[in-house]
1. Given a cut-off of 17 Å, what percent of all Cα-Cα pairs of the chain lie beyond it?
2. Would you mind checking which residues have amide H under 5 Å from Tyr48's amide H? H placed 1.01 Å from N; only 5 or more apart, or other chain.
3. Compute the accessible area per residue over the chain, keeping the other protein chains in place, probe 1.4 Å, unit Å².
4. Could you check how much of the accessible area of the chain is carbon and sulfur, as a whole percent, using a 1.4 Å probe?
5. In degrees from 0 to 90, rounded to the nearest 10, what is the angle of the helix 49-82 Cα long axis to the longest principal axis of the chain?
6. Go through 71-77, 13-19, 30-36 and give me the packing order, highest mean Cβ count within 10 Å leading.
7. Going by alpha carbons, how many degrees (0 to 90, nearest 10) lie between the helix axis of 8-31 and the longest principal axis of the chain?
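The values are calculated or read from the model by the stated rules, or taken from the named source; none is laboratory data. Given the structure is predicted, the values throughout are model-derived calculations rather than measurements. No Cβ is skipped: glycine too gets one built from the backbone with ideal geometry, and neighbour counts run over all protein chains shown. Ligands, DNA and RNA are excluded from the accessible area calculation, which covers all protein heavy atoms including side chains. Shrake-Rupley method; radii C 1.70, N 1.55, O 1.52, S 1.80 Å.
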Amino acid sequence: MKTRPFPATSVTVTAILAIVLAISSTISTSYCAFGFGGFQCNEPFAGYGGLLAMVTFISLPLLVVSAAIAAWRLIAWLRVQRRP
């Protein structure tokens, strides 16, 4: 019987996306604001407001999709492990 390998790649990608989202969200809430000039950040992140917003808006849907894939693969892996 062929055993299924642990889905390390899916879990790792999900963890990395969660870390990136947490870091960019923390920086955005601490140093950035949306005003008349658009999304602006204070020092030390001045000039990176658009990049931080883009990273946040891209990583959020990717995290949702990645978490769903990782959960599906973990469930499939656990089912194979429970078989006698």
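1. 57 percent
2. Cys41
3. 75 Å²
4. 70 percent
5. 10 degrees
6. Result, highest mean Cβ count within 10 Å first: 13-19, 71-77, 30-36.
7. So the helix axis and the longest Cα principal axis differ by about 20 degrees.
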